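S.K.: Handing you a structure now.
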Amino acid sequence: MSQKNHGFSTHAIHTGQEVDEVYGAVVPPLHLSTTYAPDGIGNLRNGYDYGRAGNPTRTALQEQLAALEDGAHAFSFGSGLAAEDAVIRGLMRPGQRIVMGNDAYGGSYRLISRIHGDWGIANTPLDLSDLDRVAAELDASDATLLWVETPSNPLMAVTDIAALATIAHDNGALLVVDNTFATPYLQRPLELGADVVVHSTTKYIGGHSDVVGGAVVLGEGAEELAEKVAFQQFAVGAVSGPLDAYLTTRGLKTLGVRMDRHCENAQKIAEYFADHSAVEKVLYPGLPDHAGHDLAKRQMSGFGGMVSIQLAGGEPAARKVAEGTQLFILAESLGGIESLMNYPHEMTHASVRGTELAVPENLLRLSVGIEDAEDLIDDVERALGAV
């Protein structure tokens, strides 16, 4: 089932999830086999021969992902960074350059600068809100990819996807958008002109903090790019395993209803702490004074479940609050149904300390879960009161 006129949650529940033909199971079975018997030499049965090359459970997930991003091709990987690596290896060669945001996720920057940097791929971090600077850099350099996170992690900057798509294409570059924070429920980069969408499906798409994965999605007319990414998936083999794909599919089916609650709770928390005496600044696109508020209203259907706060008490206060909450669990990652608190300076973004991508030492990143908002507010309020 893949009718284009169906809504988001209908696709999430039904695309790639046809009733099992043998037993009539409503939930497609989990295929754990690593190998498949052909109907004779060279005559594969339904296209499957070996688990690295293909798996029915992974195929079902990829069909879901493509439909939800309004794409034509999707590829599932063992992690978000594996997905990003496949894009870079598949679409770039030594001597080329990536122009990226100067507030990118630390893991992405580490991959690009330390792994692919040694392979001869250069990178230039920029403020992507400065469209003239981006255009000048792309025009003057050997840039092949323009790499965008929006909203960004963890500074919550909102970037104009449509404008950057035009700039990239005018200069012969491809636009890659990391859509992890927004998810396809809130934002469709391909519809705004992006060439490639990447996800850490570990986060909101999986949604239950129990499976690691990544994805690459490409749109109509991107067959050549899709072939290159598909070859990386097959030849390198950083694929999602069957159980991981199964769990990700299960989580994806409820993405719409979960994101509604994530957004509702995050808005309440951002508004409550925006004028708090212990808080220097709240970073959340849903607040009218956020620099990207109007842009987010145009290119997103909601403001997301991530909120960052900078504390007036500086680094000591941030550390104490991070270790002082009870419902907000101090942990890496984000996007699960439970609320998580993160101190990026020494956790998710420790790899960019000392660079222009360094995160403020007084900043906390809140992945707002789907608990009762009043309980979450009380939890943070108690921790702030103990500072």
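The values are calculated or read from the model by the stated rules, or taken from the named source; none is laboratory data. This one's a predicted model, so the numbers in the text were calculated from it and none came from an experiment. Quick reminder, even Gly has a Cβ in these numbers, built from the backbone with ideal geometry, and neighbours come from all protein chains shown. The area values use the complete protein model at the heavy-atom level, side chains included, leaving out ligands, DNA and RNA. Shrake-Rupley method; radii C 1.70, N 1.55, O 1.52, S 1.80 Å.
S.K.: Tell me the angle of helix 161-170 to the major Cα principal axis of the chain, expressed in degrees between 0 and 90 and rounded to the nearest ten.
M.R.: In the chain, helix 161-170 runs at an angle near 60 degrees to the longest axis.
S.K.: Go through the range 313-318 residue by residue and turn each phi into a ³J(HN,Hα) via Karplus (6.51, -1.76, 1.60, θ = phi - 60°); whole Hz please, and just put x for glycine and proline.
M.R.: Once rounded to whole Hz, the list reads x, x, 4, x, 5, 4.
S.K.: When the chain is treated as a GNM, springs tying every alpha-carbon pair under 10 Å, which of Gly286, Gly214, Gly117 comes out with the largest mean-square fluctuation?
M.R.: Ranking Gly286, Gly214, Gly117 by mean-square fluctuation puts Gly117 first.
S.K.: With 27 Å as the limit, write out which pairs from Lys203/Lys320; Lys268/Lys320; Lys253/Lys281 have Cα-Cα distances beyond it, or answer none.
M.R.: Long pairs (Cα-Cα over 27 Å): Lys253/Lys281.
S.K.: Using the 2.2 N^0.38 Å rule of thumb for compact globular proteins, work out how the range 235-318 stacks up: its C-alpha Rg over that value, please.
M.R.: Against the compact-globule rule of thumb, the ratio is 1.48.
S.K.: Quick one: if the Förster radius is 56 Å, what FRET efficiency do Ala235 and Glu271 give, using the C-beta to C-beta distance and rounding to 0.05?
M.R.: 0.70
S.K.: Here is a further query. Counting only the heavy atoms of the protein chains, how much of Trp119 is accessible to a 1.4 Å probe, in Å² to the nearest 10?
M.R.: 90 Å²
S.K.: Can you put Thr15, Thr144 in order of accessible area, largest first, using a 1.4 Å probe?
M.R.: Ranked from most to least accessible, the order is Thr144, Thr15.
S.K.: Using only Cα positions of the chain, each an equal point scatterer, no hydration layer, compute I(q)/I(0) via Debye at q = 0.07, 0.11, 0.15 Å⁻¹ and quote the log10 values to two decimals.
M.R.: Log10 I(q)/I(0), no solvent term: -0.31, -0.77, -1.36.
S.K.: Dipole of the range 174-293, Cα-centred, from +1 at each Lys and Arg C-beta and -1 at each Asp and Glu C-beta, to the nearest 20 debye?
M.R.: 400 debye
S.K.: For the full complex of protein chains and a 1.4 angstrom probe, list Arg97, Arg382 by accessible area with the highest value first.
M.R.: The most accessible residue leads, giving Arg382, Arg97.
S.K.: Send over the Kirkwood Rh of the range 12-129, from the inverse of the averaged 1/r over different Cα pairs, rounded to one decimal Å.
M.R.: 17.3 Å
S.K.: Can you classify the range 111-190 as rounded, prolate or oblate using the Cα gyration tensor, where a ≥ b ≥ c are the square roots of its eigenvalues, rounded means a/c under 1.5, and otherwise it's prolate if a/b beats b/c and oblate if not?
M.R.: oblate
S.K.: On to the next question. Long-range amide H contacts for Gly369: which residues qualify at under 5 Å (H placed 1.01 Å from N, peptide plane, sequence gap of 5 or more or a different chain)?
M.R.: Counting only residues 5 or more places away or on other chains, the set is Ser339, Leu340.
S.K.: What do you reckon, how do Arg110, Arg133 stack up by accessible area (1.4 Å probe), largest on top?
M.R.: Largest accessible area first, the residues go Arg133, Arg110.
S.K.: To the nearest 10 square angstrom, what accessible area does Ser308 show with a 1.4 Å probe?
M.R.: 0 Å²
S.K.: Carbon and sulfur: what percent of the chain's accessible surface (1.4 Å probe)?
M.R.: 51 percent
S.K.: So, one more: At most 15 other Cβ atoms within 10 Å and a DSSP loop assignment: could you name the GluC sites (Glu not before Pro) in the range 336-387 that fit?
M.R.: Glu338, Glu346, Glu356
S.K.: Between Asp127 and Ala53, what is the spin-label point distance in nm, taking each point 7 Å from the Cα along the Cα→C-beta axis?
M.R.: Result: 5.2 nm between the two label points.
S.K.: Can you tell me the alpha carbon radius of gyration of the range 254-387 divided by the globular rule-of-thumb value 2.2 N^0.38 Å?
M.R.: Normalised Rg, Cα atoms only: 1.00.
S.K.: Hey, another quick one. Taking the full set of protein chains and a 1.4 angstrom probe, give the accessible area of His14 in square angstrom, rounded to the nearest 10.
M.R.: 90 Å²
S.K.: Can I ask one more? Once phi is turned into ³J(HN,Hα) by the Karplus curve 6.51 cos²θ - 1.76 cosθ + 1.60 with θ = phi - 60°, what whole-Hz value does each residue of the range 114-128 show in order, with x for glycine and proline?
M.R.: Couplings: 9, 8, 7, x, 5, 8, x, 9, 8, 9, 10, x, 9, 6, 6 Hz.
S.K.: If one computes P(r) from the Cα atoms of the range 151-244, what percent of pairs lie at distances over 20 Å?
M.R.: Every Cα pair in the range 151-244 considered, those over 20 Å come to 43 percent.
S.K.: So, for the chain, what is the accessible surface per residue at a probe of 1.4 Å, expressed in square angstrom?
M.R.: Result: 41 Å² of accessible area for each residue.
S.K.: Running a GNM on the chain with Cα contacts under 10 Å, which residue among Val196, Val321, Val257 ends up with the highest mean-square fluctuation?
M.R.: Fluctuation is largest for Val257.
S.K.: Which FRET efficiency value, to the nearest 0.05, is calculated for Asn43 and Ala291 with the Förster distance at 56 angstrom and r the Cβ-Cβ distance?
M.R.: That pair, Asn43 with Ala291, gives E of 0.45.
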